[in-house]
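See structure below.
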Amino acid sequence: MKIVILDGYTANPGDLSWAKFEKIGELTVYDRTSANQIVERIGDAEIVLTNKTVLGKEIFKQTSNLRYVGVLATGFNVVDVAAAREFDITVTNIPSYSTEAVGQLTIALLLEICHHVGHHDREIHEGRWENSEDFCFWDYPLIELKGKTIGIIGFGKIGQSTGRIAKALGMNVIACGSRPSEEGKTIAEYVDEEELLKRSDVISLHCPLTERTQGIINQNSIGKMKDGVILLNTSRGPLLVEEEVAAALNSGKIYAAAVDVVSQEPILTTNPLLKAKNCVMTPHIAWAPKEARQRLVKIAEENVTAFVQGNPQNVVN
């Protein structure tokens with residue numbers, strides 16, 4: 001059985017091992033694969049793993065041996081799952097591997113907005129503190145989070161992880177999600193989306209990208225928010241209408257935003273958030289601590305093994 005990993009570098013830039021896949025079948029690993037290389041590289045392989053390489057109907061038409069696609073991520077929108085079903089191809093994803101890591105970065109971004117640690121560190125290293133007339137200085141309003149309300153849109157495992165940390169900081173946590181749970185109720189007060197937009201000092205997005213959620217943060221929803229709200233997005237870039245978020249940042253309606261994801265990745269020089277006021281950005285790294293990637297590879301191995309044994313798990317189609 002042949003196994004091909006189309007874009008293994010981001011999940012494993014060399015600090016992890018693919019060795020267990022070699023025990024399952026004949027393994028070929030590519031760091032990256034361009035669109036015009038996909039069919040040739042899959043060849044007659046039965047099993048393919050992809051992270052961000054897009055696989056759709058035209059690819060499936062040309063890879064007749066293909067029986068399994070494993071997505072090396074939780075989100076599986078890079079695969080046309082309906083077309084895969086037509087071709088009797090099983091598609092799986094990796095659930096829950098980065099829950100704590102994403103919650104951690106979300107709060108790190110919020111704390112950066114509150115204290116601008118990076119900016120003040122640079123100023124010190126450039127000599128400003130040693131030349132200061134006072135014993136301290138700060139260039140941005142410094143924000144204490146205790147007593148502030150964070151509204152979390154999408155209250156699954158990652159949203160709940162973020163909520164727990166926010167609660168530990170003394171924040172009031174409210175949330176909206178499609179399936180309120182008893183565990184969620186111990187962390188947050190469930191409210192509808194309209195109330196969340198109205199009450200929140202901080203809004204954090206942790207919902208999947210669907211037809212309903214695409215562009216959920218737009219001029220209309222921003223208008224329902226408090227003046228000076230803080231916006232966080234560590235979920236999917238297209239949840240924001242970026243030009244409308246940028247306009248709200250520049251006008252001050254949104255005080256600050258922090259995003260780990262954008263609509264097109266790598267980011268384009270034309271992305272309006274690059275020139276927006278008070279916007280903190282990281283390059284889609286919330287999922288990437290080594291511990292999280294180790295879990296990802298382990299679950300991917302288990303998914304492939306389960307498929308080969310005839311008992312597929314984490315199937316999304």
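The values are calculated or read from the model by the stated rules, or taken from the named source; none is laboratory data. Not measured: the values here are computed from a predicted model. When we count neighbours, we look across all protein chains shown, and the Cβ atoms used for this are built from the backbone with ideal geometry, even at glycine.
Touching a Gly at 6+ places or on another chain (Cβ under 9 Å), within 21 Å of Leu239 (Cβ to Cβ) and surrounded by 21 or more Cβ atoms within 10 Å (Cβ to Cβ): does that describe Val71? So Val71 does not fit the description; no. Is it fair to say Glu123 is part of a loop (DSSP other than H, G, I, E, B) and over 27 Å from Ile217 (Cα atoms)? It is false that Glu123 is part of a loop (DSSP other than H, G, I, E, B) and over 27 Å from Ile217 (Cα atoms). Every test in (1) touching a Cys at 6+ places or on another chain (Cβ under 7 Å); (2) in a loop (DSSP other than H, G, I, E, B); (3) not polar (S, T, N, Q) is passed by Leu273 save one, and that test is (2).
One line per residue, one yes/no per condition, for (1) among the aliphatic types (A, V, I, L, M); (2) within 17 Å of Ala108 (Cβ to Cβ):
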| residue | (1), (2) |
| --- | --- |
| Ala256 | yes, yes |
| Val261 | yes, yes |
| Gln264 | no, no |
| Thr282 | no, yes |
| Ile285 | yes, yes |
| Arg293 | no, no |
| Val297 | yes, no |
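Determine whether segment 135-155 contains at least one residue that is free of Cβ contacts under 8 Å to residues at least 60 places away in the same chain, touching a Pro at 6+ places or on another chain (Cβ under 6 Å) and aromatic (Phe, Trp, Tyr). No, segment 135-155 contains no residue that is free of Cβ contacts under 8 Å to residues at least 60 places away in the same chain, touching a Pro at 6+ places or on another chain (Cβ under 6 Å) and aromatic (Phe, Trp, Tyr). The residues of segment 165-188 that are of a type in the set (Lys, Arg), more than 20 Å from Leu145 (Cβ to Cβ) and surrounded by 11 or more Cβ atoms within 10 Å (Cβ to Cβ) amount to a single one, Lys185. For Glu112, the criteria (1) surrounded by 15 or more Cβ atoms within 10 Å (Cβ to Cβ); (2) outside the structural domain of Asp139 (by TED's automatic domain parsing); (3) of a type in the set (Asp, Glu); (4) part of a helix (DSSP H, G or I) hold in every case but one, which is (2). Exactly one residue among Asn36, Asn65, Asn12 is polar (S, T, N, Q), surrounded by fewer than 22 Cβ atoms within 10 Å (Cβ to Cβ), more than 19 Å from the chain's Cα centre (by Cα) and assigned to a loop (DSSP other than H, G, I, E, B), and that residue is Asn65. Of all residue pairs spaced 6 or more apart or on separate chains, those with beta-carbon atoms under 8 Å, a first member in segment 42-54 that is free of Cβ contacts under 8 Å to residues at least 40 places away in the same chain and a second member that is surrounded by 16 or more Cβ atoms within 10 Å (Cβ to Cβ) and of a type outside the set (A, V, I, L, M, F, W, C) are Ile42/Thr63. A single entry from Glu291, Glu301 fulfils the requirement of being among the charged types (D, E, K, R), within 30 Å of Val4 (Cα to Cα) and more than 21 Å from the chain's Cα centre (by Cα): Glu301. If you check Gly252, Gly223, Gly228 for being exposed (fewer than 14 other Cβ atoms within 10 Å of the Cβ) and in contact with a strand residue (DSSP E or B) (Cβ under 7 Å, 6 or more places away or on another chain), only one passes: Gly228. Scanning segment 116-130 for residues that are more than 27 Å from the chain's Cα centre (by Cα), without any contact (Cβ under 8 Å) to a residue 12 or more places away in the chain and surrounded by 11 or more Cβ atoms within 10 Å (Cβ to Cβ) turns up Arg122, Ile124, Arg128, Trp129. Looking only at residues of segment 179-217 that are more than 14 Å from Ile158 (Cα to Cα) and hydroxyl-bearing (Ser, Thr, Tyr), we find that the one that is modelled with the lowest pLDDT is Thr210.
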